[in-house]
Amino acid sequence: MKDENNLKYSVVVPVFNSEDTLGELFERINGVFDHLQKSFEVIFIEDGGKDSSWNKLLAIKKNHPDKVVAIKLAKNYGQHNATFCGLNHAKGNFIITIDDDLQNPPEEIEKLIAGYNESQADLIYGLYSDKKQSRLRKFYSTSFNRSSRAFVKGHGKGSSFRLITRELADSLLNHHQNFLFLDELFLWYARDISFVSVKHEERKFNRSGYNGFRLMRLFANIILYYSNVPLKIMVYGGLIFSSFTFLIGLFFVVKKIFFNVPILGYTSLIVAIMFSTGIIVFSLGIIGEYLSRIYMVQSKKPPYMVKKII
């Protein structure tokens, strides 16, 4: 049995429809730590997929009972929530997160560890020197990262391949809101963040679950949960629009008083009313979104529900 007091590394793997890669992924992770001669565990979190990933995890657990923890979630909660579940169950002094698709070669874990030994940072990100994705997928990712940096003041760099210290992971566990974006939480709590260059390989099976629509939805949630940008748009937009309409109104009043210009017809009045009504409805929609999220946070809806642990 592994000694949890001396457990060095926990590897957290969120799993979604990846039955074809799980066996190879574990064997390569096992090979890395055998080479390093370090104690480890691998925590697989099955995130409500539709394939036979859970049965594959049962087989891996049966063959390696002391090295594997398999967790089955009640339904699909998303990659960040599943990873957060893994952080809650990790026992290692250091936690490494890695995707289940083998695009992050497990052998690159050694670079993360070397990066920590050099920098002693709270968080080590593996950045891809050459990302093996389609041009459209690269465009989505680049746009998402730049938008995140602009709106939520992030560093605009990062990946799901990272090494986290025990202290940083423990700091995150106080968060219980339904929507989680781990990279933003890391930014809140990490004192030092470092980056190392790692390889990125072609996807062997299936397609990425993050298409353009899902990335847009994720970005919208990040903006609403982790920033007040929409509220600032309402404040400054309302101020600008009010000033603009006041100047227009003043212009027509002056023309009427001093130049006796006939009153404008109903068309301009209707346009002004419709435009201002649209601004009001849009602003109320933003407020409604914030209120719904405040309600979910206050109701303490859990970020995930565990169905089974082995």
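Quick look at the values:
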| item | result |
| --- | --- |
| Search result, residues across region 25-56 that are more than 17 Å from K67 (Cα to Cα) and of a type in the set (G, A, S) | G48, G49, S52, S53 |
| Residue match in region 221-240 (condition: in contact with a Phe, Trp or Tyr (Cβ under 7 Å, 6 or more places away or on another chain), modelled with pLDDT of 75 or more and not in a loop (DSSP other than H, G, I, E, B)) | no |
| Pairs, first of a type in the set (V, I, T) in region 110-126, second exposed (fewer than 15 other Cβ atoms within 10 Å of the Cβ), C-beta under 8 Å, six or more apart | I113/L36 |
| One residue from S159, S147, S171 being touching a Phe, Trp or Tyr at 6+ places or on another chain (Cβ under 7 Å), modelled with pLDDT of 75 or more and over 20 Å from D100 (Cα atoms) | S171 |
| Close pairs (9 angstrom Cβ cut-off, 6 or more residues apart or separate chains): more than 15 Å from E41 (Cα to Cα) in region 68-87, assigned to a helix (DSSP H, G or I) and of a type in the set (G, A, S) anywhere | L73/A82; N76/A82 |
| Strands (runs of 3 or more DSSP E) contained entirely in region 1-120, each with at least 1 residues that are more than 22 Å from M305 (Cβ to Cβ) and modelled with pLDDT of 95 or more | 9-15, 40-46, 94-97 |
| Total residues in region 36-59, condition in contact (Cβ under 8 Å) with a residue 60 or more places away in the chain and closer than 19 Å to L112 by Cβ | 1 |
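The values are calculated or read from the model by the stated rules, or taken from the named source; none is laboratory data. Bear in mind the structure is a predicted one, so any value in this text is a computation, not a measurement. So basically every Cβ, Gly included, is an ideal-geometry build from the backbone, and we count neighbours across all protein chains shown.
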